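Enquirer: A single structure is presented below for examination.
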Amino acid sequence: MFIANSLAFILGFTIVYVSMGAAATKLGTYLLRHQHVIRRISGVFIIFFGLFHTGLMPTI
């Protein structure tokens, strides 16, 4: 019984960590593929927050 519980515990952790690694790889691939769009959107947000912080853009 002890061996079966140990193997189930190890299998559970293996499944969790392999699936987390696969998800991180998939997310990284998606972000790398759309890097140019993400950079442009980030630039717009930085400019917007800079204008807001300096007071050149009124609050909504």
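Here, each number is a calculation from the coordinates, and none is a lab measurement. These numbers were taken from a predicted model, which means no experiment stands behind them.
Enquirer: Out of these labelled values of Rg and Dmax of the Cα atoms in Å, (i) 13.3, 40; (ii) 22.5, 70; (iii) 13.6, 44, which was calculated from the coordinates shown here?
Expert: (ii)
Enquirer: Measure nothing fancy, just the Cα-based angle from helix 35-54's long axis to the longest principal axis of the chain, in degrees from 0 to 90, nearest 10.
Expert: 50
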